[in-house]
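The structure under discussion appears below in the form of structure tokens.
Computed from the coordinates by the stated procedures, all read-outs in this text should not be read as laboratory data. Everything numeric in this text was worked out from a predicted model, so none of it was measured. Note: ideal-geometry Cβ built from the backbone for every residue, glycine included; neighbour counts use all protein chains shown.
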Number of protein chains: 4
Amino acid sequence: MIRFENDYAEGAHPHILERLLETNEEQSPGYGMDKYCESARTLIKSACDAPTADVHFLVGGTQTNTTLIASVLRPHQGVVSAHSGHIAVHETGAIEASGHKVLTLPSEDGKIYAEQVRGAHAEHWNDPTHEHMVQPALVYISNPTEFGTTYSKKELENLRKACLDCDLTLMMDGARMGYGLASEDNDLSLADIARLCDVFYIGGTKIGALFGEAVVITNGALKKDFRYMIKQKGGLLAKGRILGIQFETLFQDGLYMELSRHAVDSAMTIRAAFESNGFELRYDSKTNQQFPILRNMDIEKLSKKYSFHTWETVNETKSVVRFCTSWSTKAEHVSALVADINALKRQP
Amino acid sequence: MIRFENDYAEGAHPHILERLLETNEEQSPGYGMDKYCESARTLIKSACDAPTADVHFLVGGTQTNTTLIASVLRPHQGVVSAHSGHIAVHETGAIEASGHKVLTLPSEDGKIYAEQVRGAHAEHWNDPTHEHMVQPALVYISNPTEFGTTYSKKELENLRKACLDCDLTLMMDGARMGYGLASEDNDLSLADIARLCDVFYIGGTKIGALFGEAVVITNGALKKDFRYMIKQKGGLLAKGRILGIQFETLFQDGLYMELSRHAVDSAMTIRAAFESNGFELRYDSKTNQQFPILRNMDIEKLSKKYSFHTWETVNETKSVVRFCTSWSTKAEHVSALVADINALKRQP
Amino acid sequence: MIRFENDYAEGAHPHILERLLETNEEQSPGYGMDKYCESARTLIKSACDAPTADVHFLVGGTQTNTTLIASVLRPHQGVVSAHSGHIAVHETGAIEASGHKVLTLPSEDGKIYAEQVRGAHAEHWNDPTHEHMVQPALVYISNPTEFGTTYSKKELENLRKACLDCDLTLMMDGARMGYGLASEDNDLSLADIARLCDVFYIGGTKIGALFGEAVVITNGALKKDFRYMIKQKGGLLAKGRILGIQFETLFQDGLYMELSRHAVDSAMTIRAAFESNGFELRYDSKTNQQFPILRNMDIEKLSKKYSFHTWETVNETKSVVRFCTSWSTKAEHVSALVADINALKRQP
Amino acid sequence: MIRFENDYAEGAHPHILERLLETNEEQSPGYGMDKYCESARTLIKSACDAPTADVHFLVGGTQTNTTLIASVLRPHQGVVSAHSGHIAVHETGAIEASGHKVLTLPSEDGKIYAEQVRGAHAEHWNDPTHEHMVQPALVYISNPTEFGTTYSKKELENLRKACLDCDLTLMMDGARMGYGLASEDNDLSLADIARLCDVFYIGGTKIGALFGEAVVITNGALKKDFRYMIKQKGGLLAKGRILGIQFETLFQDGLYMELSRHAVDSAMTIRAAFESNGFELRYDSKTNQQFPILRNMDIEKLSKKYSFHTWETVNETKSVVRFCTSWSTKAEHVSALVADINALKRQP
């Protein structure tokens, strides 16, 4: 079975394992106060052109989202998200478990737009009974989104302006950050993101690390006591240096973007194969997730050799599926898949 | 600087890193559904003589305690703990953040006893206003405790009986489980613990793993939906196999107990050095943590070469300190320390 | 200004104030353990033909919903509600603040139907990643709904069957219970509701009391420790007898239904006036809330003399408004309003 | 049975019931936006010499404490309290249920002192692992305390200074505020309290009202969005005017202090009877709660005619009991009790 079902099927980039081996016997202070974390922080701040930012390392995405949101909001405040946002759907109510409502906005492409944010804000404050409703205070976006789409610089600037005008904090879930930055559509740099978001994170789990997410806090008002929050939410790894070593390796010599580009290139090859055979794509993703609409008989055929996610039923004969590539996707697996796509009966 | 400040200063046992390397390119399903987790589960159930137990792998101790406690309790219920219990002191209020009060009992040695538990239960239910107070429903013990002491089989059996009589659930925090089992005082086996506790966990972070805690649920009533709880609390590692591989390695060929014995032997050597020089010990620990009472001038001297934790002020001239050994403590570091202890001015 | 803006604009039915005066100097035990609460419990159990039910008195609706939901659910579970349900919109995130997600279903008329509940249940359990999502465990309905509509006996029976089949608990928010029971469409009795719901409450605040909601728990599994939950959520009134006296008065000699019928009759008179003048109604409410669609110029005219709620914009020239009657609505106010409706320019 | 078991055994002062009757048919806006609340706010701000304060009315004490504390703290912060504080003992974990640890300090007399607060603050911040512990951020005191004792102006000023120096917020639970102010020992005015606390509340439930607590927020930083918090915690009474009418009545013509003095005078008469017969008092209370130490045979005798609370076991033959007076304690009941105390066998 060749796995295209997610972007965390393998271990870590070999350089990371090598570095873990090399440093294994060294003794370090715990909880992220070691020299590797310090070095990784410096590299990331430099990559983000954000010398005064705070950088923290957490283990996983759900943990990171919960910790960030709980740190920013007061109890009566909620976080605005696309209805398809990870926090709204796939975190077993972690945000609610820390006391906050996810205020969802409709979305076709997984993104939310400045005008929607302004609308949600106005709707709340114009309602004379607004004190009976959850107050929108934070805007959550993922880039790339859960549908593989990305924000343009213009769109992010507009969101930023909307947040400033409405006194809202803007956070970006970058669990797949590199795959967005490596997209052919992308015109954002990490520095742009650091400038336009109050806080965001750069995902390692899905891009070359064993695990790990690097939180970057650029808004000074959000920095205070964040390590307490990480500890309370169970994210302060005792052997924090493992996170430092991983992010140091990823952010040295451009490895993070190199791995990201590999995944995106593989995905675009697969996308081209679907398109050239007349298959429609559910979302216009230029990143590592591809969502073709397949006939159920095609799904059955491909399932014998490949694992992938059945995303959504279209009708009795068709479904949307998801193929994921990653930093570790093998060229021969992509070739095999392309050949098998070409062998499917062409969509009329 | 030679570090005796904690038991998580180094990386992982080399076998673990080797296995991570060997399996690195394999593709696995995520979230603990892989064959390594399955194999590790089988090994642990066998080690615990608990074929029907559920075994889950989480990343760290605070996360594990919070997840377990939140899973067991209803909102008006609390968890009984020694006042020195990790959950009562050192988790930044994680238990309270998930809604529950830690009901503390006084303790000289870090342990709580059956009679105390019966007393707390009686005090609650005999009070006519008990509905105005948090209901004790779960008993938390750590073994070894935060002070390095351990429970005897008799003590644990008594606690078990008290819990049964009082309709209380019994959980054991085994973040340093191996170091307790390797203690010369110990008469408990993992099978005893599995038989006497409703749920417990076996720590990996402090005993040879990069990180990881293995939860063993033996009480059938506590098994339901536990994976939802792990996910909600941010503990469901995407690349769950990393946890599986680590615990598989630790529980093959007796590695876990071998590493544990090494740490305890090192600690007992250090203890002997303190005792033979007339230094008093704050707690009677036969495990990997030692708490000698030192003159401040001794502390100053040793601090130049060793890092260790200053635990508690005794008076103007003396303090309790903590020396921790671990699975990776080097023989030459122990010898050096013993020599330097012998060189201290003898306690009268 | 004549107020039709809500159903809690006045004080309490005079009988209630009389009884408070008569009993004012008596000394009672606190927290609902007095003879008036006991008597009210007996009357309500009798009215519900539910001799083994537990009855508790709380102060307000948000408090009651939060307490009930927090008592029933485990942390990873959520409550299914119409998107328009009070708990989903108008409680400032009280449900989320106690840790639970409100899982909303679309609804045109404020009701949810058995098939929707079965669908939500199936969708959750059929998803292979269901552990990453909030588990539906409780179904919340309001009767009458926030739109004034009511459930038929058949609909409630179907919901009951769906809940049984899907292992879901069924709760009914009866903040306006009497106004539903007094509706001409209604074929439900309190006994039916007690038989078909696991737990529900009978609102006093909006029907003759100064304040107060009577919770009726018929499912034995939900009874345990409920008074702890009330206390924790701040709902255990010290002078609990005030609640007992009010519900005793309301449930003696049919006062509760008498007051309810008065409100509904008044509302139907107003509805008839709107309809006979060609005004459309947004919802087909036969209870105390009426939702006519008015031209903005009509709204302006009526606003000079009456207060009412502007509910929703229809288009540039029209809006939905809400007129509420209550147990204390004065006949002369209804007549005046009818005359003023008749004086509006007839809708074409 | 004559009840001295608590201070909420009767209804409300007759003036309050009269005013409820007089205003019963008036129509008011809901949720505290009516003219009676407005008038009560003005009277209270005037009584506190705090023209810029925000005043809110809630229903009960547990609710008020929870709402205040949840509004002030971030998730990793806790509230410092005497171990005997109401929030630490008698609110079924309401504070923990909203996510916060109660950090208890030992106390002999129910009070905490500036030096203790400074000590707790220093202990936290001096610990190098402070991020692993709950951060003290709010100081809770009750005046009078749960033991009937009161703070002097000097003590409160010292607490204030400590809080300022340590960047801590100071809140006062005044559930029995009037009984403290009416104590012969008292040298505090409401204006002093308003000047020295960031937020406090004035209890109505125990001093003449059916129910109700008036929160006074003097620290501007704590005012924002407090009504959202009240709503979320279930404390925003629909017919808010009932609270307004009650506090307006209590704060007109000095009724609140008149009622308070009556209770305290009654209590001091009872205290004198115990003292003159040689009975020791557990706490030196000059307020409405008295805690004599009685022989169990005395308790048995008095229990036939009076209800009172058995507080604490002293030894096999003696216990501490609590006698509570209130605004409504009848002179003949006090006389009867005094006679019966005099008839007890004199303590040697």
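Across the copies of the chain, residue C:38 has label points (7 Å from Cα along Cα→Cβ) spaced 4.6, 6.2, 7.2 nm apart, shortest distance listed first. Legend: Rg and Dmax of segment C:240-343, from Cα coordinates, 16.0, 51 Å.
Using bins of 10 Å that start at zero, the share of Cα-Cα pairs per bin across segment C:28-171 amounts to 11, 35, 35, 16, 4, 0, in whole %.
Taking Rh as the Kirkwood radius, which is the inverse of the mean 1/r over Cα pairs, what is the Rg/Rh value for segment C:1-74?
Over the Cα atoms of segment C:1-74, Rg/Rh equals 1.04.
Taking A:73, A:210, A:20 as the candidate residues, the one with maximal mean-square fluctuation in a Gaussian network model of chain A, Cα springs under 10 Å, is A:20. Suppose R0 equals 45 Å; then what is the FRET efficiency for residue C:122 and residue B:83 from their Cβ-Cβ distance, rounded to the nearest 0.05? Computed FRET efficiency for residue C:122 and residue B:83: 0.40. Secondary structure note: in chain C, about 55% of the DSSP beta bridges are antiparallel. In chain B, which helices (entire DSSP H runs) extend 30 Å or more along their own long axis, judged by Cα positions, while averaging at least -0.5 on the Kyte-Doolittle scale? Those that pass (Cα extent of 30 Å or more, hydropathy at least -0.5) are B:255-276.
Rounded to the nearest angstrom and ordered from largest down, what semi-axes does the equivalent ellipsoid of segment C:111-257 get from its C-alpha gyration tensor (root of 5λ)?
Each semi-axis is √(5λ); the values are 29, 20, 12 Å.
Counting 0.36 nm for each residue step from residue B:130 to residue B:22 and taking away their Cα separation leaves a gain of 33.1 nm. Counted over segment B:19-59 with a bin width of 5 Å, the fraction of Cα pairs per bin, in whole percents, is 5, 20, 26, 24, 14, 9, 2. Taking label points 7 Å from Cα along the Cα-to-Cβ direction, residue D:332 and residue D:187 give a separation of 4.2 nm.
Between this copy and the others, label points of residue A:125 are 3.6, 4.6, 5.6 nm apart in ascending order, each placed 7 angstrom from Cα in the Cβ direction. When the C-alpha to C-alpha distance is required to be over 23 Å, the pairs from B:231/C:224; C:111/C:318; A:206/A:286; A:224/D:101 that qualify are B:231/C:224; C:111/C:318. At q = 0.07, 0.11, 0.14 Å⁻¹, what is the log10 ratio I(q)/I(0) for chain A, with the Debye formula run over Cα points and no solvent? Once normalised to I(0) and log-transformed, intensities are -0.30, -0.75, -1.14. Chain B has one residue whose beta-carbon comes closest to the axis relating it to chain D; that residue and its distance in whole Å are B:96, 2.
Bridgeable aspartates and glutamates around residue D:153 (alpha carbons under 17 Å apart, same-chain partners fewer than 8 residues away excluded): D:49, D:109, D:115, D:173, D:184, D:185, D:187, D:192, D:198. In a simple Cβ point-charge model (Lys, Arg +1; Asp, Glu -1; nothing else charged), chain C has a dipole of about 360 debye relative to its Cα centre.
Within segment B:87-240, DSSP assigns beta bridges of which about 40% are antiparallel (rounded to the nearest 5). Shielding of peptide C:53-62 by partners, expressed as the average count of other chain Cβ atoms within 10 Å per residue Cβ, is 3.
Cross-link partners of residue B:345 among aspartates and glutamates, defined as those whose alpha carbon lies under 12 angstrom from its own and excluding same-chain residues fewer than eight positions apart: B:298. Going from the residue with the fewest nearby Cβ atoms within 10 Å to the one with the most, D:52, C:218, C:64 rank D:52, C:218, C:64. Here residue B:224 and residue C:315 are evaluated by their C-beta separation; at R0 = 56 Å the FRET efficiency comes out at 0.65.
Sorted ascending by nearby beta carbons within 10 Å, beginning with the fewest, C:237, D:188, C:281 become C:281, D:188, C:237. Annotation for segment C:67-133: GluC sites (Glu not before Pro) lying in DSSP loop with at most 14 further Cβ atoms inside 10 Å of their Cβ are C:108.
Between residue D:280 and residue D:342, full extension at 0.36 nm per residue minus the direct alpha carbon distance yields a gain of 20.9 nm.
Relative contact order for chain A using alpha-carbon pairs under 8 Å, separation at least 6, rounded to a whole percent?
Numbers: 683 pairs, mean separation 84.8, N = 348.
Taking the mean separation of contacting Cα pairs over the length of chain A, I get 24 percent.
Here is how far apart the residue D:222 label points are across copies: 2.8, 3.7, 4.0 nm, shortest first, using a point 7 Å from Cα toward Cβ.
Once the C-beta distance of residue D:195 and residue A:296 is scaled by a Förster radius of 60 Å, the resulting FRET efficiency is 0.20 to the nearest 0.05. For C:328, B:307, the sequence from fewest to most other C-beta atoms within 10 Å is B:307, C:328. Would the protein assembly as shown count as rounded, prolate or oblate if I go by the C-alpha gyration tensor, calling it rounded below 1.5 in a/c and otherwise prolate when a/b exceeds b/c, oblate otherwise? It comes out oblate by the Cα gyration axes.
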